[in-house]
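All remarks here apply to the structure that follows.
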Amino acid sequence: MKIGIATPRIIILLTILLMLSGCGYGFSPGGEYIDPDVRKIFIEPFANRTSQANLEDTIRLAITDWFVRGKRFQIVSSEDQADAIFRGTVKSLTTAPLSSRTTNVAAEERMTLTLELSFEDRRTKKVIWKDSNFPGSQDYPVANVNDTEIARRNALSKLSRDTAERAYRMMMSDF
């Protein structure tokens, strides 16, 4: 069997086409699996089982910000106006030292947050998405004892934003 000059070109062309087509898997954070009739959502005030004052408000605000950014839903001010309800509970917030100085004072700490989150269709009572132990963590340096509270507050703010973003993306991707 004689291979013509066109055969290598066909093989190269087919290889390029296969590479461009990819594997068919795609990450779709658009919430396509959510009923399109679910447009208006109410985000309930979060519960807080920690001793950190106002933590539930900080996280709820960060979650709300991601719903607004996503533009898929309209936030409404009461449950009666909503097609779906988003609920949350701050289950725990802990800090632990990651490294220490020779004086046994922490040089770096890790803050860990656990949330219980759910998104439910108000009309059918069907759970659209739920995670009972949604985690988040943030490491932060501790320059000295006087700066610890400032570093902790900044880390908590970043942790709230990052965890809210991850929760929103996971929910919209049905993970």
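The values are calculated or read from the model by the stated rules, or taken from the named source; none is laboratory data. What you see is a predicted model, and the numbers here were worked out from it, not measured in a lab. For neighbour counting, all protein chains shown are included, and Cβ atoms are generated from backbone atoms with ideal geometry for every residue, glycine included.
Residues that are surrounded by 15 or more Cβ atoms within 10 Å (Cβ to Cβ) and either over 22 Å from LEU93 (Cβ atoms) or not polar (S, T, N, Q) (or both) within the stretch 118-151 comprise PHE119, GLU120, ASP121, ARG122, ILE128, TRP129, ASP131, PHE134, GLY136, TYR140, VAL142, ALA151, listed in sequence order. Which count do you get for residues in the stretch 81-93 that are farther than 15 Å from PHE119 by Cβ and either crowded, with 17+ Cβ neighbours inside 10 Å or modelled with pLDDT under 95 (or both)? Qualifying residue count for the region: 3. Taking the stretch 152-175 as the range and being surrounded by fewer than 17 Cβ atoms within 10 Å (Cβ to Cβ) and touching a residue at least 40 places away in the same chain (Cβ under 8 Å) as the test, the residues that pass are SER157, GLU165, ARG169, MET170, SER173, ASP174.
Would it be correct to say that MET111 is under 11 Å from the mean Cα position of the chain (by Cα) and either crowded, with 20+ Cβ neighbours inside 10 Å or not basic (Lys, Arg) (or both)? Considered against the rule, which asks whether it is under 11 Å from the mean Cα position of the chain (by Cα) and either crowded, with 20+ Cβ neighbours inside 10 Å or not basic (Lys, Arg) (or both), MET111 comes out as no. Looking only at the stretch 47-90, residues that are of a type in the set (Gly, Ala, Ser) and within 20 Å of the chain's Cα centre (by Cα) come to 5 in all. Cβ-Cβ distances below 6 Å connect the following pairs, each with a first residue in the stretch 73-87 that is at negative phi, a second residue that is of a type in the set (Val, Ile, Thr), and a separation of six or more residues or different chains: PHE73/ILE41; ALA82/ILE41; ALA82/VAL76; ASP83/VAL38; ALA84/VAL38; ALA84/ILE41; PHE86/ILE41; PHE86/ILE43. Filtering the stretch 54-78 to residues that are of a type in the set (Gly, Ala, Ser) and either within 17 Å of ARG161 (Cα to Cα) or surrounded by 14 or more Cβ atoms within 10 Å (Cβ to Cβ) (or both) leaves ALA62, GLY70.
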